[in-house]
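What follows is calculated from the coordinates using simple rules that are stated; it is not laboratory data. Not measured: the values here are computed from a predicted model. Positions of Cβ are generated from backbone atoms using ideal geometry, with glycine treated the same way; all protein chains shown enter the neighbour counts.
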Amino acid sequence: MEPEPTTALLERAGVADTVTRLFVNTDERNWKGVMDCFADRVLFDMSSLSGSKPSRVSPKKIADQWESGLRGLTAVHHQIGNMLVEVEGAEAGAFCYATATHYYPNPTGNNTRTFVGTYDFHLVKVEDGWRIDMFRFNLKFTEGNALLSDLAKKGAKRE
């Protein structure tokens with residue numbers, strides 16, 4: 001039986017909101033907010049960027065990795081769009097285009113690094129909303145200062 005149109009729209013909006021909150025919380029470095037977007041275990045796949053194999057991890061491990069990787073950067077900005085959401089009962093899939101721009105002013109004058117790609121998500125519905133239990137980033141290309149994160153970490157250590 002198909003859900004009522006209003007219910008289906010609300011469910012799709014809830015899925016999209018969870019994905020959006022993940023990126024907003026990341027940019028704001030609100031690590032508790034990041035963890036709240038995830039299920040207890042997440043199939044986490046950044047292999048297109050890092051070369052590491054996908055693995056099941058906790059939300060805390062993801063937040064800790066991101067906090068460490070973004071440490072020292074002056075700003076991080078994720079922009080997502082072209083989101084597609086499919087909901088089937090208590091499970092959902094989402095896809096979106098994305099860019100992530102990292103900013104750190106430094107003596108080289110090359111102050112940014114941009115990552116362009118797409119994301120695939122699987123979400124499950126829990127009592128208080130939707131949670132991401134599968135996260136995959138599909139890198140298309142990077143542009144800018146490849147040493148930016150290293151420069152930012154060194155700068156943060158000096159402060």
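Binned at 5 Å from 0, what are the whole-percent values of the Cα-Cα distance distribution for the chain, short to long?
Histogramming the chain at 5 Å steps yields 2, 9, 17, 20, 20, 14, 9, 5, 3, 1, 1, 0, 0 percent.
In whole Å, what is the distance between the alpha-carbon centres of segment 93-135 and segment 57-89?
4
If R₀ is 35 angstrom, what is the calculated FRET efficiency for the pair residue 110 and residue 84, using the beta carbon separation as r and rounding to 0.05? Write out the running numbers ahead of the final one.
Working: r = 34 Å, r/R0 = 0.98.
Once rounded, the FRET efficiency stands at 0.55.
Which trypsin sites (Lys or Arg not before Pro) in segment 30-129 pass both tests, a DSSP loop state and at most 15 other beta-carbon atoms within 10 Å? Numbers along the way, then the final one.
Numbers: sites: 32, 41, 56, 60, 61, 71, 113, 125; in loops: 71.
Loop-located and lightly packed - 71.
Can you give me the distance in nm between label points at residue 99 and residue 49, each placed 7 Å from the Cα along the Cα-to-Cβ direction?
In this crude label model, residue 99 to residue 49 measures out at 1.6 nm.
Scattering from the C-alpha atoms of segment 1-94 alone, worked out with Debye: what is log10 I(q)/I(0) at q = 0.11, 0.16, 0.25 1/Å?
-0.39, -0.78, -1.40
Under 26 Å between alpha carbons, and skipping anything fewer than 8 positions from residue 140 in its own chain: which lysines qualify?
53, 61, 153
Nearest 20 debye, what's the magnitude of the dipole of the chain about its Cα centre given +1 on Lys and Arg Cβ and -1 on Asp and Glu Cβ? Can you show the working numbers first?
On the way: 19 positive and 21 negative charges, 216 e Å.
In debye, rounded to 20, the chain gives about 1040.
Among 129, 110, 79, which residue has its Cα positioned farthest towards the positive end of the charge dipole of the chain, with +1 placed on the Cβ of Lys and Arg, -1 on the Cβ of Asp and Glu, and the dipole taken about the Cα centre?
Positive-end residue among those listed: 110.
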